[in-house]
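Visitor: Pasting a structure below so you can have a look.
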Amino acid sequence: MNAEDGFTMALPRGRPWLVLREWLMEAGIPGAAQVDPDAQLLWETEHVRLLFSRPADVVTYVRQGVADMGVTGKDVLLEDGDGVYELLELPGGRWRLSLAVPQGSPPWQEMVARRGSRLRVATSYPTATTTFFEGMGVRPQILKLRGAVELAPAVGLADCIVDMVETGGTLRAHGLVEAEVITPISLRVISNQAAYRWRSAALCRVLQAFTRVREGEAGRA
């Protein structure tokens, strides 16, 4: 992948990076798999500069033009996707945004019908959660938390939660069960308007490399 000199990508730390790093190597960024974002937030080669942040902050770096391109989760874009273009879905890590309720609860539809606007929902994803319940004609109390959402029902703060789920093990450990998948979540490549317009050749080269890897992943599946 021979992007133009100074081409900058914003990439997520944490679980998404574990999925993304080997994939970037296959796309043609030598040495990317050895980078430790927890110890090195900025990494540069002759052609590409990688900066690492929380997945939710990737959008800010791209939207403000600090990065030409970024990779973040669809969950982030559902909450704060204004001002960026979503260009490509990446293979690999698959998560889901789900509604979870305490074990032994009645069917979640019954809970919603019974409590209506008095239903208390804890989540780190208030926009997606509001959209989901509005689709059912309900406007519950949305309690925004920045982490440890699973704790909310156990201490009486909420009746249920909406959170990201991978294996479901964290839910089970906190006495919760996955009741409904709201939407599948995967990693997405994003860009901003300026880069899309003025650095389209570099963007296209990166996207073509990513697409070749994606097709290769599909062929091995």
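The values are calculated or read from the model by the stated rules, or taken from the named source; none is laboratory data. From a predicted model like this one, the values you see are computed outputs, not experimental measurements. Reconstructed Cβ throughout: ideal geometry from the backbone, glycine too, with neighbour counts over all protein chains shown. The protein model used for the area step is the full one, side chains on, heavy atoms only, and it has no ligands, DNA or RNA in it. Shrake-Rupley method; radii C 1.70, N 1.55, O 1.52, S 1.80 Å.
Visitor: I'd like to check which helices (runs of 4 or more DSSP H) are fully inside segment 120-207 and have at least 1 residues that are over 23 Å from Y85 (Cα atoms) and without any contact (Cβ under 8 Å) to a residue 40 or more places away in the chain.
Guide: By residue number, 126-134, 151-154, 169-173.
Visitor: Hey, another quick one. Test of understanding: among L151, L143, L119, which residue is over 25 Å from V35 (Cβ atoms), open to solvent by 50 Å² or more (accessible area, probe 1.4 Å) and among the hydrophobic types (A, V, I, L, M, F, W, C)?
Guide: None of the other options fit; the residue is L151.
Visitor: Tell me which of these A209 doesn't satisfy, since it passes every other one: (1) within 22 Å of the chain's Cα centre (by Cα); (2) surrounded by fewer than 12 Cβ atoms within 10 Å (Cβ to Cβ).
Guide: (2)
Visitor: When you check G28 against the structure, is it open to solvent by less than 70 Å² (accessible area, probe 1.4 Å) and either among the aromatic types (F, W, Y) or closer than 16 Å to L203 by Cβ (or both), yes or no?
Guide: yes
Visitor: Report yes if A56 is in contact (Cβ under 8 Å) with a residue 12 or more places away in the chain and either closer than 20 Å to P184 by Cα or hydrophobic (A, V, I, L, M, F, W, C) (or both), otherwise no.
Guide: Yes; evaluated as a whole, the condition is true for this residue.
Visitor: Let me ask another. In contact with a strand residue (DSSP E or B) (Cβ under 6 Å, 6 or more places away or on another chain), modelled with pLDDT of 90 or more and open to solvent by 10 Å² or more (accessible area, probe 1.4 Å): does that describe A173? Show your work before the answer.
Guide: Working: in contact with a strand residue (DSSP E or B) (Cβ under 6 Å, 6 or more places away or on another chain): no; modelled with pLDDT of 90 or more: yes; open to solvent by 10 Å² or more (accessible area, probe 1.4 Å): yes.
No, not satisfied.
Visitor: Same structure, new question: Identify, please: which residue in segment 70-83 is open to solvent by 20 Å² or more (accessible area, probe 1.4 Å) and outside any helix (DSSP H, G or I) and is, among those, farthest from G175 (Cα to Cα)?
Guide: That would be G83.
Visitor: Within segment 36-57, which residues are over 25 Å from E79 (Cα atoms), crowded, with 17+ Cβ neighbours inside 10 Å and hydrophobic (A, V, I, L, M, F, W, C)?
Guide: W43, V48, listed by residue number.
Visitor: Let me ask something else about it. How about segment 58-69: which of its residues are surrounded by 18 or more Cβ atoms within 10 Å (Cβ to Cβ) and either charged (D, E, K, R) or assigned to a loop (DSSP other than H, G, I, E, B) (or both)?
Guide: R63, A67, D68
Visitor: Among the polar types (S, T, N, Q) and farther than 30 Å from T131 by Cβ: is that true of T72 in this structure?
Guide: The answer is no for T72.
Visitor: Right, next: Quick one: E4 ticks every box in (1) closer than 18 Å to F210 by Cα; (2) modelled with pLDDT of 85 or more; (3) among the acidic types (D, E) except a single one, so which number is it?
Guide: Here E4 meets the rest and fails (2).
Visitor: List every residue pair whose Cβ atoms sit under 9 Å apart, with the two residues 6 or more apart in sequence or on different chains, where the first one lies in segment 72-100 and is aromatic (F, W, Y) and the second, anywhere, is in a strand (DSSP E or B).
Guide: Y85/I190; Y85/S191; W95/G73; W95/M164; W95/V165; W95/P184; W95/I185
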